[in-house]
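The values are calculated or read from the model by the stated rules, or taken from the named source; none is laboratory data. Everything quoted here is computed from the prediction, not taken from an experiment. Neighbour counts are summed over all protein chains in view; Cβ atoms, including those assigned to glycine, are modelled from backbone coordinates with ideal geometry.
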Amino acid sequence: MQNEFLPSRRHGATDESSQSLVLTIAAAVIVDGERLLLVRKRGSPYFMQAGGKIEPGESAQAAVAREVFEELGVPLAGCEPLGQASATAANEAGHRVDAHLFWGCLSGEPTPAAEIEELRWVTLTEAGALPLAALTRDTILPIVAEHLVAEHLVAEHSPLSD
């Protein structure tokens, strides 16, 4: 998978190229079969990944685990780093996000908690019809599509599929 790796920035640092405030976040890409989990925060029209801001002194992996548990009520069963990406923030005008992305699995059935008003398991086609955060639309959906194609190819060529 191709990922855009960015130099790490402090939470709230300024991006000199665009003079926008940069928020450093951790987000979980959670896929079950061919469905992607998307969440929508209270008061926002945009769907995105579960996750949030990294607290001072907290690792990105600890942050994504904490945020997923707070927002979905279930812990991550495991997560793998995917890399970092940057996008315009969906809910903070004049901000960008530098996101540490993790491929994750849940250890139970998620329910909306904390600031999450709604969650949906969607196919890529269904996701494309929703209002999406820029990070989800421009970075996450292509990563998930690439993963699903690779998974399908492996299944097709597996000796167990005969």
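For beta carbons closer than 8 Å, sequence separation of 6+ or different chains, a first residue in segment 93-105 that is on the phi > 0 side of the Ramachandran plot and a second that is in a strand (DSSP E or B), the qualifying pairs are GLY94/SER20; GLY94/LEU21. The condition (being small (Gly, Ala, Ser), under 25 Å from GLU146 (Cα atoms) and without any contact (Cβ under 8 Å) to a residue 60 or more places away in the chain) is satisfied by just one residue among GLY108, GLY78: GLY78. Can you tell me how many residues within segment 32-57 are modelled with pLDDT of 95 or more and either in contact with a strand residue (DSSP E or B) (Cβ under 7 Å, 6 or more places away or on another chain) or within 24 Å of VAL149 (Cα to Cα) (or both)? Here the count works out to 17.
Can you tell me which of ALA26, ALA60 is in contact with a Gly (Cβ under 7 Å, 6 or more places away or on another chain), surrounded by 19 or more Cβ atoms within 10 Å (Cβ to Cβ) and either modelled with pLDDT under 95 or not acidic (Asp, Glu) (or both)? Step through it out loud before you land on a result.
Values: ALA60 fails: in contact with a Gly (Cβ under 7 Å, 6 or more places away or on another chain).
After ruling out the rest, the residue left standing is ALA26.
Here's the yes/no breakdown for (1) surrounded by fewer than 13 Cβ atoms within 10 Å (Cβ to Cβ); (2) modelled with pLDDT of 95 or more; (3) small (Gly, Ala, Ser):
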| residue | (1), (2), (3) |
| --- | --- |
| ALA87 | no, yes, yes |
| GLY94 | yes, no, yes |
| GLU109 | yes, yes, no |
| ALA114 | no, yes, yes |
| LEU119 | no, yes, no |
| ALA127 | no, yes, yes |
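Answer with yes or no whether SER158 is among the polar types (S, T, N, Q), at pLDDT 95 or above and on the phi < 0 side of the Ramachandran plot. In short, no.
Condition check for ALA77 on (1) closer than 13 Å to ILE30 by Cα; (2) surrounded by 14 or more Cβ atoms within 10 Å (Cβ to Cβ); (3) at pLDDT below 95: one failure, at (2).
Whenever a residue of segment 44-62 is farther than 15 Å from PRO81 by Cβ, its partners that are among the polar types (S, T, N, Q), lying with C-beta atoms within less than 6 angstrom and at least six residues away or across chains, give the pairs SER44/ASN91; MET48/THR136.
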